[in-house]
Amino acid sequence: MRLPFFYGWVVVAVTFATMAIGVNARTAFSLFFPPILSEFGWERGITAGAFSFGFVVSGIVSPLIGRLMDRTGPRAVMELGVALMAGGLLLAPLTSQPWHLYVTIGVMVGAGSVCLGYSGQSLFLPNWFIRRRGLAIGIAFAGVGIGSVTLLPWVQHMIAQQGWRAACTAMGLLVLIALAPINLLLRKRPEDLGLRPDGDAAPASSAAKPVSNIVDPAWAAIDWTLPLALRTMKFWWLAIGYFFGLYIWYAVQVHQTKYLLEIGFSPNVAVWALGAVSLLGIPGQIALGHLSDRIGREAVWVFSCLGFTICFVALIALKASPTLLLVYVMVASQGVLGYGLTSVMGAVVLEIFQGPHFGAIFGTIMLIALCGGAAGPWVTGVLYDLTGSYTPGFAIAMAASLLSAIAVWCAAPRKVRAVAGQLHRLRPAVEVV
């Protein structure tokens, strides 16, 4: 049945809802953490280790999910993610020993989150758009921010009224009931439905040949496999850029609240700051995604890294001058600019290594990136333990921001495929690919 609008926007809507629920279902562990500690009296390190173990599981399965996407498409991957995450959340209330949390919250929810989160969605969503790729991804990924300001307060209210077990069960049922049906609507690429990216009509034989977005025909003609990609500098520039990109993201996200409390801000300000970052990330992701369609993906990546740099500068300055103005600067730079990384994360890799094996390549890069996400909070915490100050850790994170920006700029997706806003610089060719 022909729809009055492009089916790609259905894919965006499904991704929006999946991200809103799936990503925040995993984030909700931070809300379950205090009552679990209170009930069982376990050590904090052992209990929190379930979430950290889930992060490790996410990294390990990321390349496998990429290969599964290449072979079966998004419906199988997403439904697997729904089954794992819902199963983990529904079984977690049966916990009586620490290892139960590691199996449910760690392995099951952690593995499910790879399918339902940024990594899984980036494996197929970019296929649906070329001219508006950044805008579409920005809108879809903004679902995380909407979910954080709607679902997490609901979960916290349920914990306060009925306990963490009831809240965990409710979240598991929401994942299962809401996400299992809608993800059946997904398709890997528009060609699967006889469509073209962006909803374009097939060109008439008498029509003028459209401008190609391919800048390097020799590179674009290669059937990129993971072994071939591993032998290129572009792959390793991307790996470095993504490693440090998630390093800076999680270094500030994990330590920000504790740092604000230690330098004298009230718990209300510290909690507000964390929530405001996610809220401001919604317009930031959409605007920077759209901007990337005009000026290029790596330029937006540089802007996002600049946002994190400003954020770390503000955090360091807050120690000497703990004012709300600097908190606002830190929050705005992190949310509006920094969170723009996600709007181009899938597009950058696709425009360099587009092809039938893209999932395996992107999954391997995300494995490296998740290592950076794990290293950022750990290194920052170790440096605090050694020095008694967050300043060295934040200074290193500023250097990591610079390295990430340089690496993605050197990977140069603009030299393989141009974004829509730069097509006027190319000579007419065969078609947009």
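The values are calculated or read from the model by the stated rules, or taken from the named source; none is laboratory data. Note that the structure is a prediction, hence the values are computed from the model and not measured. Using ideal geometry, Cβ is built from the backbone for each residue, glycine included, and neighbour counts are taken over all protein chains shown. Accessible surface is based on the protein model in full, side chains and every heavy atom, while ligands, DNA and RNA are left aside. Shrake-Rupley method; radii C 1.70, N 1.55, O 1.52, S 1.80 Å.
In segment 282-413, carbon and sulfur make up what percent of the accessible area (probe 1.4 Å)?
Working: 3400 of 4250 Å².
Looking at segment 282-413 in its full context, I get 80 percent from C and S.
Based on Cβ point charges of +1 for Lys and Arg and -1 for Asp and Glu, what charge dipole magnitude is obtained for the chain about its Cα centre, in debye rounded to the nearest 20?
Details: 26 positive and 16 negative charges, 172 e Å.
Charge dipole, the chain, about its Cα centre: 820 debye, nearest 20.
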Subject >> Karplus (6.51, -1.76, 1.60) ³J(HN,Hα), θ = phi - 60°, over segment 338-350, in Hz, Gly and Pro reported as x >> reply: x, 5, x, 3, 5, 6, 10, 4, x, 5, 4, 6, 4
Original post:
Taking the Cβ-Cβ separation of residue 83 and residue 173 as r and a Förster radius of 22 Å, what is the calculated FRET efficiency to the nearest 0.05?
Top reply: 0.95
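Find the relative contact order for the chain and round it to a whole percent, using C-alpha pairs within less than 8 Å whose residues are 6+ positions apart. Each step should come with its number before you reach the end.
Values: 780 pairs, mean separation 113.4, N = 433.
This gives 26 percent for the chain.
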**OP:** Search the structure for amide H atoms under 5 Å from the amide H of residue 42, placed 1.01 Å from N in the peptide plane, and list their residues when 5 or more places away or on another chain.
**Re:** none
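Can you tell me how segment 75-230 classifies by the Cα gyration tensor, rounded, prolate or oblate, using a/c under 1.5 as the rounded cut? Each step should come with its number before you reach the end.
On the way: a/c = 3.03, a/b = 2.20, b/c = 1.38.
Since a/c reaches 1.5 and a/b is larger than b/c, the shape of segment 75-230 is classed as prolate.
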**OP:** Would you grab the residues whose amide H sits under 5 Å from the one on residue 417? Only those 5+ places off in sequence or on another chain, please, with H modelled 1.01 Å from N.
**Re:** 215
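Extension gain residue 317-residue 272, at 0.36 nm per residue separation less the Cα-Cα distance, in nm? Intermediate values should be presented prior to the final figure.
Details: separation 45, 0.36 × 45 = 16.20 nm, distance 1.93 nm.
Once the chain is fully extended between residue 317 and residue 272, it gains 14.3 nm.
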Original post:
If you plug each phi of segment 91-100 into the Karplus form 6.51 cos²θ - 1.76 cosθ + 1.60 with θ = phi - 60°, what whole-Hz ³J(HN,Hα) values come out, in order, with x for Gly and Pro?
Top reply: 8, 4, x, 7, 4, 9, 10, x, 5, 5
Original post:
Of 389, 58, 113, which has the largest mean-square fluctuation in a 10 Å C-alpha GNM of the chain?
Top reply: 389
Subject >> Between segment 396-417 and segment 1-39, the alpha-carbon center distance in angstrom >> reply: 29 Å
Original post:
For the chain, what is the mean residue ellipticity at 222 nm derived from helices alone (per DSSP H run of n ≥ 4: -39500 (n - 2.57); sum divided by total residues; nearest 500 deg cm²/dmol)?
Top reply: -23000 deg cm²/dmol
Original post:
In nanometres, what is the gap between the two model label sites at residue 149 and residue 67, each 7 Å from Cα along Cα-to-Cβ?
Top reply: 4.1 nm
Subject >> Packing-based ranking, highest mean first, of 338-349, 358-369 given that Cβ atoms within 10 Å are counted >> reply: 338-349, 358-369
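If a/c stays under 1.5 just call it rounded; otherwise compare a/b with b/c (prolate if a/b is bigger, oblate if not). Do that for segment 209-255, with a ≥ b ≥ c from the square roots of the Cα gyration tensor eigenvalues. Show your work: numbers first, answer last.
On the way: a/c = 4.27, a/b = 1.97, b/c = 2.17.
In terms of gyration-tensor shape, oblate.
Just want to confirm a number: the relative contact order over segment 50-138, from Cα pairs under 8 angstrom separated by 6+ residues, in percent.
Working: 96 pairs, mean separation 35.5, N = 89.
Relative contact order, segment 50-138: 40 percent.
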**OP:** Note the full-extension length gain between residue 223 and residue 263 as 0.36 nm times their separation in residues minus their Cα-Cα distance, in nm to one decimal.
**Re:** 9.0 nm
Original post:
Using Cα pairs under 8 angstrom and six or more residues apart, how large is the relative contact order of segment 113-231, in percent?
Top reply: 30 percent
Subject >> Peptide ranges 264-272, 140-148 listed from the most packed, as the mean C-beta count within 10 angstrom indicates >> reply: 140-148, 264-272
Original post:
Against the longest alpha carbon principal axis of the chain, how many degrees, from 0 to 90 and to the nearest 10, is the axis of helix 143-162 turned?
Top reply: 30 degrees
Original post:
How much length is gained if the chain between residue 42 and residue 3 is pulled fully straight, taking 0.36 nm per residue apart and subtracting their Cα-Cα distance, in nm to one decimal?
Top reply: 8.6 nm
**OP:** In whole Hz, with x marking every Gly and Pro, tabulate ³J(HN,Hα) for segment 181-192 from phi via Karplus 6.51 cos²θ - 1.76 cosθ + 1.60, θ = phi - 60°.
**Re:** x, 5, 6, 5, 7, 6, 9, 6, 8, x, 4, 5
**OP:** Along Cα→Cβ, 7 Å out, is where each label goes; now give me the distance between the ones at residue 386 and residue 191 in nm to one decimal.
**Re:** 5.1 nm
**OP:** Quick one: Debye curve from the alpha-carbon atoms of the chain only, equal weights, vacuum; give me log10 I(q)/I(0) at q = 0.06, 0.08, 0.10 Å⁻¹ to two decimals.
**Re:** -0.24, -0.43, -0.68
Original post:
Among 240-249, 284-293, 78-87, how do they line up from the highest to the lowest mean number of other beta-carbon atoms within 10 Å?
Top reply: 240-249, 284-293, 78-87
